[in-house]
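> First the structure, which I've put down as structure tokens, then a few questions once you've had a look.
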Amino acid sequence: MTAQAPDTTALDDAPVLVHVTRGGFVESAHRATLVATDPGGGTPLRHGRVDDPVLPRSSLKPIQALAMVRHGLDLPPHLLALVCSSHSAEQVHREGAAEILATVGLDLSALRNTPALPLGELEHARWLAGGRGPEPVAQDCSGKHAGMLATCRVNDWPTETYLDPEHPLQQAIRATTDEVVGEVTHTTVDGCGAPLFAVPLRGLAASFGRLAAAEPTTDEGRVADAMRTAPHMVGGTDRDVTQFMQTVPGLIAKDGAESVYAAGLADGRGVAVKVADGAPFSRARRGLLAQALLTLGVDTPGLRDLADQPVLGHGRPVGAVEVLDLRTP
């Protein structure tokens, strides 16, 4: 029996949107799919097969957090922001995860996410110097998992099996994803162990626009305001996801593994990016998000600095990560 070849059309057809130059020579090229949406359903920017599904990875966390809030999770903004995070495991992040669990009488031993070392370089070095190995609390998704466990306690759902796709919590998250982002076409497992849903890239962009524009008293508005109030909890020191939210008033943004990025503006516009090569911490996705915002007319102080990514030779700039013209013909 011959296995069916996987459908890679969306990745293969993605246009080249980023060049990496060195000394005037194009050293690398990145294919990517990018879409910007507006509240009326239009797509002022559109490159590639934007209606095809992608695995949003951690970019889906604000939607997962929305499902938890809808089902009774009630946390102060800085802790709700941590539920949306892929944090660097700084002390404030680790203490925040423990605080979320303590609100429902649990401790760090309840976490079922994948043990890992801290994502932040400084915290990673300090952790190893202290003789510690991989632990669930140090993994960048521990805030989300703490929120999941707290939501289970609020609803008297089992905590031991909260990662099972058939668990009431995961069914609630899937229902919210279907409603807010778009039809879930595939279910798999994320790096942290939680179920992961494939959704249309355009739907991801539109959902972030709606979150960002929501009234503060709504569940959507609570999630968005938490991210804006405590952007450091969403990422950490020197993380571009934190810097984007600190730089652009009203913006919410969330990075995801395999070079996914999503953002929403307070006026209801959204942006989503998927870089085809999936390079970790891809400079391409950062440049694409920055340039997309600039192309949409967002030009706040500091945004061009985020878009500017020099390529170094012997410690000095000799090239750049250059995003091609994103204006849709």
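> Between Asp13 and Glu27, what is 0.36 nm times their sequence separation minus the Cα-Cα distance? Round to one decimal in nm. Walk me through the numbers on the way to the answer.
Working: separation 14, 0.36 × 14 = 5.04 nm, distance 2.08 nm.
Taking 0.36 nm per residue and subtracting the Cα distance, the gain is 3.0 nm.
> Let me know the whole percent of all Cα-Cα pairs from the range 109-224 that are separated by more than 20 Å.
Cα-Cα pairs of the range 109-224 separated by over 20 Å account for 54 percent.
> Under a crude label model (7 Å from the Cα following the beta-carbon direction), how far is Thr103 from Asp156 in nanometres?
If labels sit at Thr103 and Asp156, their model points lie 2.1 nm apart.
> Once you measure Cβ to Cβ distances between cysteines in the chain, which Cys have no partner under 4.7 Å?
Lacking a cysteine Cβ partner under 4.7 Å: Cys84, Cys152.
> For the range 22-121, which whole percent of the accessible surface, found with a 1.4 angstrom probe, sits on carbon and sulfur atoms?
Using a 1.4 Å probe with all protein chains present, the range 22-121 comes out at 51 percent carbon and sulfur.
> Then there is this: Tell me the Kirkwood radius of the range 1-82: reciprocal of the mean inverse pair distance over distinct alpha-carbon atoms, in Å. All intermediate terms of the calculation are to be shown ahead of the outcome.
Numbers: mean 1/r = 0.0596 Å⁻¹.
For the range 1-82, the Kirkwood estimate is 16.8 Å.
> Taking Cα centroids, how far is the range 222-295 from the range 86-111 in Å?
23 Å
> Right, here's the next one. Along its three principal axes, how long is the range 79-143 when you only count alpha carbons? Whole Å, largest extent first please.
Taking the Cα atoms of the range 79-143, the three principal extents are 32, 21, 17 Å.
> Something else now. Take the Cα atoms of the range 263-329, find their three principal axes, and give me the spread along each one in whole Å, biggest first.
43, 29, 24
> For a label point 7 Å from the Cα of Arg132 along Cα→C-beta, name the residues of the range 234-248 whose backbone N is under 17 Å from it.
Label zone hits: 236-237.
> Find the accessible area per residue for the range 254-328; the probe is 1.4 Å, ligands and nucleic acids are left out, and the unit is Å².
42 Å²
> Same structure again: Using the C-alpha atoms of the range 223-274, what convex hull volume per residue, in cubic angstrom, is computed? Show your work: numbers first, answer last.
Numbers: hull volume 3.7 nm³, N = 52.
Roughly 72 Å³ of hull volume per residue.
> Using a probe radius of 1.4 Å on heavy atoms only, what accessible surface per residue do you get for the range 21-133? Whole Å² is fine.
43 Å²
> So if I average 1/r over every pair of distinct C-alpha atoms in the range 181-281 and take the inverse, what Kirkwood radius in Å does that give?
Numbers: mean 1/r = 0.0708 Å⁻¹.
Evaluated on the range 181-281, it is 14.1 Å.
> As an exercise, find the ratio Rg/Rh for the range 1-157 from alpha-carbon atoms, using the Kirkwood inverse-distance average for Rh.
1.09
> Scanning the chain for trypsin sites (Lys or Arg not before Pro) in DSSP loops with at most 14 other Cβ atoms within 10 Å, what's the longest stretch left with none?
133-326
> Another question, then. Magnitude of the Cβ-charge dipole of the range 218-329, K/R +1 and D/E -1, about the Cα centre, nearest 20 debye?
In total the dipole reaches around 100 debye.
> Return the carbon/sulfur percentage of the accessible area of the range 154-308, one whole number, probe 1.4 Å, all protein chains in place.
Here it works out to 48 percent.
> So what J values fall out for the range 306-312 if you push phi through Karplus, 6.51 cos²θ - 1.76 cosθ + 1.60 with θ = phi - 60°, rounded to Hz, Gly and Pro as x?
3J(HN,Hα) across the range 306-312, in whole Hz: 5, 6, 7, 10, x, 9, 9.
> What do you get for Rg/Rh over the chain if you use C-alpha atoms and the Kirkwood form of Rh?
Using only Cα positions, Rg/Rh for the chain is 0.97.
The values are calculated or read from the model by the stated rules, or taken from the named source; none is laboratory data. Because the structure is predicted, anything quoted here is derived from the model rather than measured. Every residue, glycine among them, receives a Cβ derived from its backbone with ideal geometry; neighbour counts consider all protein chains shown. Calculation scope for accessible area: heavy atoms of the full protein, side chains included, ligands and nucleic acids excluded. Shrake-Rupley method; radii C 1.70, N 1.55, O 1.52, S 1.80 Å.
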